[in-house]
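Bear in mind that the values in this text are calculations on the coordinates, not laboratory data. Computed from a predicted structure; not experimentally measured. Please note: Cβ atoms are built from the backbone with ideal geometry, for glycine as well, and neighbour counts cover all protein chains shown.
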Amino acid sequence: MELALASVLWALARAAPEVDVPPPPLPADYRLVVRAPPECPDADSIRRQVRTLLSGPPLGEGVMDVEAIIELREPGYALTLTTSFAGAQGQRALAAERCSELADAIAIVVAVALEPGVEPVVIQDAPAIAPPREPDPPEPDPPDPEVVAQPEPEPEPEPEPAPERAQPRPFLRLGLGPEHGALPRVTAGLHAAAGVVWPHVRLELRAIYLAPQRHAGPAPLVALYQQGAVGAAACARAWLLRTEVPLCGGVEAGALRIDSRGLSPSQTLHGGWFGPLLSAGFARHGPRWGGWISADAVLRAVGARILVDDRAAFSSGLVSLRLVAGVEIFLQ
């Protein structure tokens with residue numbers, strides 16, 4: 001598949017009408033922008049492929065702009081390649097089962113534009129020297145008609161190669177945003193996550209710390225409230241154009257800490273926190289990192305309730321609502 005795709009691209013890139021016109025100008029360099037899913041080769045990888053195809057530094061003038069957009073379209077990937085140079089613009093559209101095939105196609109088109117005379121390396125077999133002719137062997141005796149000829153067994157078909165599977169990519173995420181419901185008032189939440197991502201699914205472990213805040217309860221109680229929690233989530237990766245739309249579900253568990261102020265002696269209390277987690281958001285990725293924004297909700301199944309002299313000082317909200325904005329870093 002890769003060889004056939006490369007051959008077609010090479011012929012398209014080098015084909016020219018046979019008319020007596022001056023040759024078009026050639027670029028001396030290029031600017032490459034690649035927008036592709038995280039599992040695809042990045043721009044640096046494609047530049048290395050281009051260097052292996054060129055015989056030396058390009059001899060033209062000017063810079064050619066190359067924009068490659070690769071989109072995930074079942075059962076494979078689709079490429080839209082746009083080139084701009086010397087006032088002329090060209091565009092190609094290709095599809096392939098693997099993203100690496102489209103990366104090879106980009107490298108070939110760029111190499112031919114920089115050096116039209118470049119040729120793919122083809123190893124041809126050297127002509128063999130004919131050995132001296134040996135005398136023909138004697139013809140065998142005719143088979144015995146009484147012997148029934150047995151049919152030769154058919155060769156077993158070769159097993160088909162196993163389909164290529166996308167490798168999981170580990171990632172880290174850090175985020176910050178407001179939270180309402182777990183503590184007495186709106187507070188800031190520091191978020192972190194780690195996990196692995198596939199083309200259609202992501203699995204992640206999450207952690208959140210809610211910044212301390214002072215709150216006055218029934219006199220004379222004044223307390224400092226803070227909460228930490230960890231959770232696990234599984235996400236379906238939907239796509240809107242080139243933007244990921246993760247839809248996640250999971251669970252979260254943690255603890256609330258309350259340090260009293262105004263009571264003698266001072267006291268430290270702890271309360272539990274547990275509930276199902278729901279999340280939806282948007283993410284835009286480059287080859288190594290990207291941005292993340294989401295809206296999260298945790299429904300309280302287990303919460304804390306604080307009483308002072310039989311009077312309610314604090315109760316965990318029914319729902320903890322969060323907005324999170326942050327950055328994701330892919331580790332490979």
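Using the Cβ of Gln226 as centre and a radius below 14 Å, the other residues enclosed give a net charge of +2, where K and R count +1 and D and E count -1.
Starting from the Kirkwood Rh over alpha-carbon pairs, what translational D in µm² s⁻¹ does the stretch 179-332 have by Stokes-Einstein at 10 °C and 1.306 mPa s? Once the numbers are plugged in, D ends up at 95 µm²/s. Can you give the local net charge around His180? Use residues other than it whose beta-carbon is closer than 13 angstrom to its beta-carbon, Lys and Arg +1, Asp and Glu -1. Local net charge: +1.
Database remark: amide H of Trp239 closer than 5 angstrom to the amide H of Val245 (H placed geometrically; neighbours at sequence offset of 5 or more, or on other chains; Pro and chain starts carry no H). Ranked by the mean number of other Cβ atoms within 10 Å of their residues, highest first, the peptides 234-245, 289-300 fall in the order 289-300, 234-245. Taken along the Cα-to-beta-carbon direction at a fixed 7 Å, the label points for Arg311 and His200 span 5.9 nm.
Under unit Cβ charges (Lys, Arg +1; Asp, Glu -1), what dipole magnitude, rounded to 20 debye, does the stretch 228-303 have relative to its Cα centre?
Using Cβ point charges on Lys, Arg, Asp and Glu, the stretch 228-303 gives about 200 debye.
3J(HN,Hα) couplings calculated from phi for the stretch 93-98 with the Karplus curve 6.51 cos²θ - 1.76 cosθ + 1.60 (θ = phi - 60°) are, in sequence order, 10, 9, 9, 7, 6, 10 Hz; Gly and Pro show x. Once backbone amide H atoms are built at 1.01 Å from N, Arg288 has no partners under 5 Å, excluding neighbours fewer than 5 places away on the same chain.
Can you give the direction-averaged projected area of the convex hull of the alpha-carbon atoms in the stretch 162-213, in nm²?
Values: hull surface 17.8 nm².
Result: 4.4 nm².
Remark: the stretch 176-193, residue by residue, has Karplus-estimated 3J(HN,Hα) of 8, x, x, 9, 9, x, 7, 10, x, 10, 4, 9, 8, x, 9, 10, 9, 8 Hz, where x stands for each Gly or Pro and the curve is 6.51 cos²θ - 1.76 cosθ + 1.60 at θ = phi - 60°. The protection proxy used here, the mean number of other Cβ atoms lying within 10 Å of each residue, ranks peptides 79-91, 97-109, 192-204 as follows, highest first: 97-109, 192-204, 79-91.
Taking a Cβ cut-off of under 13 Å around Ala28, the surrounding Lys, Arg, Asp and Glu residues balance to a net charge of -2, with basic ones at +1 and acidic ones at -1. Normalised radius of gyration (Cα atoms, divided by 2.2 N^0.38 Å) for the stretch 293-332: 1.88. Expressed as a fraction of 2.2 N^0.38 Å, the C-alpha radius of gyration for the stretch 264-332 is 1.69. For the stretch 43-100, the share of alpha carbon pairs falling in successive 5 Å distance bins from zero is 4, 14, 19, 24, 21, 11, 5, 2, 0 percent.
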